[in-house]
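The values are calculated or read from the model by the stated rules, or taken from the named source; none is laboratory data. Predicted model, so just to flag it, every value in this text is computed and none were measured. Cβ placement follows ideal geometry from the backbone for every residue including glycine, while neighbour counts extend to all protein chains displayed. Ligands, DNA and RNA are excluded from the accessible area calculation, which covers all protein heavy atoms including side chains. Shrake-Rupley method; radii C 1.70, N 1.55, O 1.52, S 1.80 Å.
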Amino acid sequence: MAPAGAAAGGRAGQLKSSGLRPGWTTGACATAATKAAYTALLTGAFPDPVTITLPKGQRPAFALAAERLAVVEGEATAMAGVVKDAGDDPDVTHGALIRSTVRAGEPGAGVVFRAGPGVGTVTKAGLPLPVGEPAINPVPRQMIRDAVAEVAASHGGSGDVVVEVSVDHGEEIARSTWNPRLGILGGLSILGTTGIVVPYSCSAWIDSIRRGVDVARAAGRTHVAGCTGSTSEKVAVAVHGLPEDALLDMGDFAGAVLKYLKRHPVPRLTIAGGFAKLSKLAAGHLDLHSARSQVDKGYLAELARRGGADEELARAVAEANTGLEAVQLCRAAGVPLGDLVAEAARATALGVLLGSPVAVDVICIDRAGTIVGRAEPLGP
């Protein structure tokens, strides 16, 4: 049993122990704005505050910062806006006004998404959205669809709507992100897999990782998982059946997990994360944040060659828009790039552990949570 006074384990326990205030993703804000706008379109009144349901069941309420009912070229539209509160995270979108404008769509069309001013459009392959689509990621899209369905059921709507999401000054803010390099042009992406922004503070989050290890050890756990985010956490649970207090929200701090486990070992460590982030670990980076390490596609091309890729495929990997595109190209050609990255990430981890009695396995996933690479447990 954990000692008296010990913090709860898992992602929620880490967040509580960090002392940092969480915030809301752009996807959660866009969902709230959409729900308020569609409600007004059907009823003539904006709910304020407006409550939405997040993917894990939380029910936060959002105050409206802007609202407008109008008739444009004979067509009724409703717009609602929510100011993003990123909590204690130094997010570039903190304080941005996220708007959703809703109008009736074609019968049977469902929810059709449009990029308004300040929201980008996908122009290159390798992202989780097709070229030409608004940069509204899959989970926020589903959150918005669910909110539209809820409003339609409550107020007799069809649910066939056009939803245009915009961000005031979004194109300017996007210059401080990786969007232009990724081929997302015209503004920001609408993001979030949980709806909640986990605050980013090096010292506080590294301390919370250490407390997470302490709690797992006190509970007698012999297997822990360091995960880069909520999607990889779900995969680690599905694969290994780990309890909550065995889950470490590693985020970008792979080095913090490994260095602490070196001094306070647990017999088995699973590292689970997105392919791109774990390719950085494979290349020897211990801080996986985009501001301090990047995906080295030349390194991925070399790994692909070792896995049997010809020079044409290796060049395609080196020139890929994203790590995800690189692994997709290799998968189509039968080259196990995902496994090679997982094995190299495991080697980096074991190098940091330096003979501590910790066996390491690695799981690489894509944005949808599909496993694209694995390395089986290997000890010192």
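Whenever a residue of the stretch 47-70 is without any contact (Cβ under 8 Å) to a residue 60 or more places away in the chain and under 21 Å from Gln142 (Cβ atoms), its partners that are assigned to a loop (DSSP other than H, G, I, E, B) and of a type in the set (S, T, N, Q), lying with C-beta atoms within less than 6 angstrom and at least six residues away or across chains, give the pairs Arg59/Thr53. For the stretch 28-48, the set of residues classified as of a type in the set (A, V, I, L, M, F, W, C), open to solvent by 10 Å² or more (accessible area, probe 1.4 Å) and closer than 21 Å to Arg114 by Cβ consists of Leu41, Leu42, Phe46, listed by residue number. Considering only residues in the stretch 231-260 that are closer than 15 Å to Leu278 by Cα and of a type in the set (Ser, Thr, Tyr), the one that is surrounded by the fewest Cβ atoms within 10 Å (Cβ to Cβ) turns out to be Thr231.
Output yes when any residue across the stretch 108-121 is open to solvent by 10 Å² or more (accessible area, probe 1.4 Å), within 30 Å of Gln294 (Cβ to Cβ), among the β-branched types (Val, Ile, Thr) and at pLDDT below 95, and no when none is. No, because not a single residue in the stretch 108-121 is open to solvent by 10 Å² or more (accessible area, probe 1.4 Å), within 30 Å of Gln294 (Cβ to Cβ), among the β-branched types (Val, Ile, Thr) and at pLDDT below 95. Quick check on the stretch 294-313. Is at least one of its residues more than 17 Å from Glu343 (Cα to Cα) and open to solvent by less than 10 Å² (accessible area, probe 1.4 Å)? The answer is no; no qualifying residue exists. Among the residues of the stretch 108-127, which ones are at negative phi, part of a loop (DSSP other than H, G, I, E, B) and touching a helix residue (DSSP H, G or I) at 6+ places or on another chain (Cβ under 6 Å)? Those that are at negative phi, part of a loop (DSSP other than H, G, I, E, B) and touching a helix residue (DSSP H, G or I) at 6+ places or on another chain (Cβ under 6 Å): Gly120, Ala125. Mind checking whether some residue in the stretch 366-373 is more than 12 Å from Ser279 (Cβ to Cβ) and modelled with pLDDT of 95 or more? Within the stretch 366-373 (the criterion being more than 12 Å from Ser279 (Cβ to Cβ) and modelled with pLDDT of 95 or more), the answer is yes, since at least one residue qualifies.
Restricted to the stretch 232-250, and to residues there that are modelled with pLDDT under 90 and more than 19 Å from Leu286 (Cα to Cα), the residue that is farthest from the chain's Cα centre (by Cα) is Asp245.
What do you reckon, is Arg210 more than 26 Å from Thr53 (Cα to Cα), of a type outside the set (Phe, Trp, Tyr) and either surrounded by 21 or more Cβ atoms within 10 Å (Cβ to Cβ) or in contact (Cβ under 8 Å) with a residue 24 or more places away in the chain (or both)?
Against the criterion (more than 26 Å from Thr53 (Cα to Cα), of a type outside the set (Phe, Trp, Tyr) and either surrounded by 21 or more Cβ atoms within 10 Å (Cβ to Cβ) or in contact (Cβ under 8 Å) with a residue 24 or more places away in the chain (or both)), Arg210 qualifies.
Against the definition (in contact with a strand residue (DSSP E or B) (Cβ under 9 Å, 6 or more places away or on another chain), within 14 Å of Ile190 (Cβ to Cβ) and open to solvent by 10 Å² or more (accessible area, probe 1.4 Å)), how does Thr51 come out, yes or no? Judged against the criteria, Thr51 is not a match. Among residues of the stretch 86-107 being of a type in the set (Val, Ile, Thr) and part of a loop (DSSP other than H, G, I, E, B), the one that is nearest to Glu150 (Cα to Cα) is Thr93.
Inspection of the stretch 7-22 identifies no residue that is touching a Leu at 6+ places or on another chain (Cβ under 6 Å) and modelled with pLDDT of 90 or more.
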